[in-house]
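We did not get these values from a lab; they are worked out from the coordinates using the rules stated. Bear in mind that the values here come from a model prediction, so they are computed numbers and not experimental data. Here the Cβ positions follow ideal geometry from the backbone for every residue, glycine too, while neighbour counts run over all protein chains shown.
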Amino acid sequence: MEYFFLLLFTGLAAVLVGAGLLTSYLVAPHRPNPLKNSPYECGEPTIGQSWVQFNVGYYLFGLLFLVFDVEAAFLYPWAVVFRQVGLTGLIEMGLFLLVLIVGLVYAWRKGALEWV
Amino acid sequence: MIVQATHTVLFYLIAALALVMALSVVFSRKLLRAAIALMGVLALTAGLYILLGAEFLAGVQVLVYVGGIVVLIVFAIMLTRSSDLLEDQPTLPRALLGAFVGLVFLVMSSAVFFSSPFQADTSGAQVTDDTVAIGRSLLDYGPKGYVLPFEIISLLLLAAAIGGIVIARKIPAPSQPFTSGGDLPGEADFTQPRSQREEA
């Protein structure tokens, strides 16, 4: 039941968005013309499609983020029991992190952290 | 009793929404919409985990799947050109291959489903403090501990990081900035907007 507020929040968010859309649909006048329907891009006529190719750097950063994201997920159960497991847990987590630091150093040395 | 009923209602609500989202992942013809629907499926699965009392699993689901993997999928979609993906009429070999792969997956997952002895927990025990239990068995080096798989996971993650760098660095970086939208031939060579350019 401690998640009741999460549920309430989700419901409220949905209702707010839905009510806003519904109100503007019911109240706003609807007289479209080609100029109104054209996409607005800072007053400039739009160039090309809206679909653009992302820089590959985003993918590389996303990939590295995911690896260290998973690593961070393992830190939580370790941190919860840290006082019970003590030094052993510290050494075990140290080994885990050491291996991943190798990956970070590799990424650094290969220039994967540089923005191209 | 009310709590129990609320749980049941919530379960069916979340499960139905997740099913709808999953269907729209499969049937949407626009890849980006499919990716957003996938995000919905994964977030709703986290909701199911919370209903089961597995808070840590729900947190990891949101942190890793919703926050990481879907973002990666969106980046991968945005790396490709849209025109390459609009394949309204798949060729016959592709359709056959797709059907074959789908069938194999169906057989595999139903084999797992039917060979698993699902037993209803009639004791009514609530799972509590699961993060503590996970942390203890993760770091336990006794016969019931998982410290070796835990350390091997770090090697797996290292391999994923290095492999990702090796593969992704080979893709030549596009010369245009990602905001330019240079889709016309030669458009990417221009650095000024069209209105400020002297037409050649």
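List of remarks:
- Under 5 Å between amide hydrogens, built in the peptide plane, is the criterion, and for residue A:52 it picks out nothing among residues at least 5 positions away or on other chains.
- Three-way shape call for the stretch A:1-45 based on the alpha-carbon gyration tensor, with the a/c threshold at 1.5: oblate
- Ellipsoid semi-axes in whole angstrom, largest first, where each is sqrt(5λ) of the Cα gyration tensor of the stretch A:4-110: 49, 28, 6
- Among the GluC sites (Glu not before Pro) found in the stretch A:54-116, those both in a DSSP coil and sparsely packed, with 15 or fewer other Cβ atoms within 10 Å of their Cβ, are A:114.
- Cα gyration tensor category, rounded, prolate or oblate, for the stretch A:57-102 with a/c compared to 1.5: oblate
- Compactness of the stretch B:1-84 is given as radius of gyration and Dmax, 15.0, 55 Å, from Cα positions.
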